[in-house]
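Report on the following structure.
The values are calculated or read from the model by the stated rules, or taken from the named source; none is laboratory data. Note that this is a predicted model, so its numbers are computed, not measured. Cβ: placed from backbone, ideal geometry, glycine included. Neighbour counts: every protein chain shown. Note: areas computed on protein heavy atoms with side chains; ligands, DNA, RNA excluded. Shrake-Rupley method; radii C 1.70, N 1.55, O 1.52, S 1.80 Å.
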Amino acid sequence: MVWAGITATGKTPLVFIERNVKINSEVYQKIVLMDNLLPWVTQHFAGGPFILQQDWAPSHGSRSTLAVLEAHFPGFLDKNLWPASSPDLNPMDFSVWGMLEGKIAGKVFATVDDLKAALEVAWASIDDGYLRRTVNSVKKRLRACVKARGSNFEILL
């Protein structure tokens, strides 16, 4: 499994979760939030404001994870502010993962490490213009979702 995040001005490192590791709250908090995301946002935003949006998988909403989020990521969008299971509103889901997959599609990898290396190269090739356009499209998507009253809104884009 791989985890990543974007902003209009940058992207986190890719975080690879080893095979057979269950992404429970403890793993998510340590490997994703504390070991990778927190150092990245500290450097990238240099103390400036940012808002964390996540997809609210079970490990993202446990009490212990919420305590970590409240302590280190103030202003995160909680479950009441961001709908769960909303890939059409999540830039990683509606754009980035598909684009990343497209960059490595059709290639054969001898090992998992070869696949990881190819993903790293593809990830590094994503430019800030793409990130900015993708993140900026969220507002239009939110408006379309509201206009469609939560139903399919892709035709309104």
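Quick look at the numbers
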| item | result |
| --- | --- |
| Any chance residue 55 is open to solvent by 70 Å² or more (accessible area, probe 1.4 Å) and over 15 Å from the mean Cα position of the chain (by Cα) | no |
| Residues within the stretch 100-129 that are in contact (Cβ under 8 Å) with a residue 24 or more places away in the chain and either open to solvent by 50 Å² or more (accessible area, probe 1.4 Å) or of a type in the set (Val, Ile, Thr) (or both), tallied | 4 |
| For residue 28: the one exception among (1) open to solvent by less than 30 Å² (accessible area, probe 1.4 Å); (2) closer than 25 Å to residue 125 by Cβ | (2) |
| Lone unmet requirement of (1) on the phi > 0 side of the Ramachandran plot; (2) of a type in the set (S, T, N, Q); (3) in contact (Cβ under 8 Å) with a residue 40 or more places away in the chain for residue 20 | (3) |
| Residue 56 vs. criteria among the aromatic types (Phe, Trp, Tyr) and over 22 Å from residue 119 (Cβ atoms) | yes |
| Residue 49, sole failed condition from (1) at pLDDT 95 or above; (2) more than 25 Å from residue 150 (Cβ to Cβ) | (1) |
